[in-house]
């Protein structure tokens, strides 16, 4: 198949691709290949490109699609990416777009991926949905954020509050029993480091005056007839003034599949999604009108340096990246296209800069060197800028939801 050239030259393109040829050899070696999904005979997508059905954007707010986040390859620089879209611009590592008022509406985007021989190996499409800056203006919105350490960090919930305090936005109230900032009591959520879908819907412990939820049970677990029971409706009665949230976002999955191996990842995810079904069913039983947004698992930091700093030799970036990618694939398969059930996928994974918006430090290259280099130093927890990109994704989805009546 011929390459679509636009303004590129064939000789220049192939010369560039040839320089990356050695990396393609690595991608073909046992243990490093991007294995196919559950039905490989029906899948010709060699790099396992996964684009969300929709990317949400708000006038005046940046939206991104980072190429490394949507393909499963050891080194994205060994491939050529070609974006076709009437909006935004393609840069080296991403497609990026800051919509203006005249961009409101739906815009198709196609991403083609080519290998070192100039052959197209994957192609995907998505729709960029741009909503006005004043979408949902003045609406009362009650939001509950459920999650693990990424929510526990409290940066993206706080940023959602900040975004909604600007003119033209809904009046946002965050719900939850956890209030991490004494000077910002409006920032509330149910986010706890190390937690999983399973823990939220199964772990009961008697109430404690210690106030440390990490040592207590799930806020959604209660005794009923002497037995622990997951009861989201009771949580609403006791902790949300008896009034359902309008929106619940769930950002879980990292701890559930972090240490899974190739041999067990499918069964692990199947178990995780069973607990996710339980959580969703409990929320739905509390209120048929609650909008549930599943935050698709964001990618880890872009370098093995970050995993060495966080986990020594306990986990590699590549193995966790494979697990995270497969989790996103399975969530799309299971929960995609269910908007009529008021169940949505939030594509935060495409918008996060995993190379620049994770924590880093300038350190000597080695003990004998006077040269200092920058190394990423946290495997799965973004820097504040990365958390704010997560907030941007949730905010854009929420604004689209209010504009569309979804």
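The values are calculated or read from the model by the stated rules, or taken from the named source; none is laboratory data. Everything numeric here is computed off the predicted structure, so don't read it as measured data. Don't worry about glycine lacking a Cβ; one is built from the backbone with ideal geometry, like all the others, and counts go over all protein chains shown.
Here are the numbers for this structure:
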| quantity | calculated |
| --- | --- |
| So residue 261, is it assigned by TED's automatic domain parsing to the domain that holds residue 353, exposed (fewer than 15 other Cβ atoms within 10 Å of the Cβ), within 22 Å of the chain's Cα centre (by Cα) and over 30 Å from residue 360 (Cα atoms) | no |
| Selection within the stretch 360-388 - touching a strand residue (DSSP E or B) at 6+ places or on another chain (Cβ under 9 Å) and closer than 15 Å to residue 299 by Cβ | 376, 378, 383 |
| Test: residue in the stretch 110-132 that is assigned by TED's automatic domain parsing to the domain that holds residue 76, without any contact (Cβ under 8 Å) to a residue 40 or more places away in the chain, surrounded by fewer than 20 Cβ atoms within 10 Å (Cβ to Cβ) and out of contact with any helix residue (DSSP H, G or I) (no Cβ under 9 Å at 6 or more places or on another chain) | yes |
| Some residue of the stretch 308-326 being assigned to a helix (DSSP H, G or I) and touching a strand residue (DSSP E or B) at 6+ places or on another chain (Cβ under 9 Å) | yes |
| Single match in 247, 290 (criterion: under 19 Å from residue 340 (Cα atoms) and under 18 Å from the mean Cα position of the chain (by Cα)) | 247 |
| Count of residues meeting criterion [closer than 16 Å to residue 386 by Cα and surrounded by 19 or more Cβ atoms within 10 Å (Cβ to Cβ)] in the stretch 148-169 | 13 |
| Within the stretch 365-400, considering residues that are surrounded by 12 or more Cβ atoms within 10 Å (Cβ to Cβ) and over 18 Å from the mean Cα position of the chain (by Cα), the one farthest from residue 66 (Cα to Cα) | 373 |
| Residues satisfying the stated conditions in the stretch 214-268, i.e. assigned to a loop (DSSP other than H, G, I, E, B), without any contact (Cβ under 8 Å) to a residue 12 or more places away in the chain and closer than 30 Å to residue 312 by Cβ | 263, 264 |
| Qualifying residues in the stretch 56-86 (those that are within 14 Å of residue 396 (Cβ to Cβ) and in contact with a strand residue (DSSP E or B) (Cβ under 7 Å, 6 or more places away or on another chain)) - the one surrounded by the fewest Cβ atoms within 10 Å (Cβ to Cβ) | 62 |
| Some residue of the stretch 287-303 being in a helix (DSSP H, G or I), assigned by TED's automatic domain parsing to the domain that holds residue 242 and surrounded by fewer than 22 Cβ atoms within 10 Å (Cβ to Cβ) | no |
| Failed condition for residue 348, given (1) at pLDDT 95 or above; (2) out of contact with any helix residue (DSSP H, G or I) (no Cβ under 7 Å at 6 or more places or on another chain) | (2) |
| Subset of the stretch 340-356 [in contact with a strand residue (DSSP E or B) (Cβ under 9 Å, 6 or more places away or on another chain) and in a helix (DSSP H, G or I)] | 341, 348, 349, 350 |
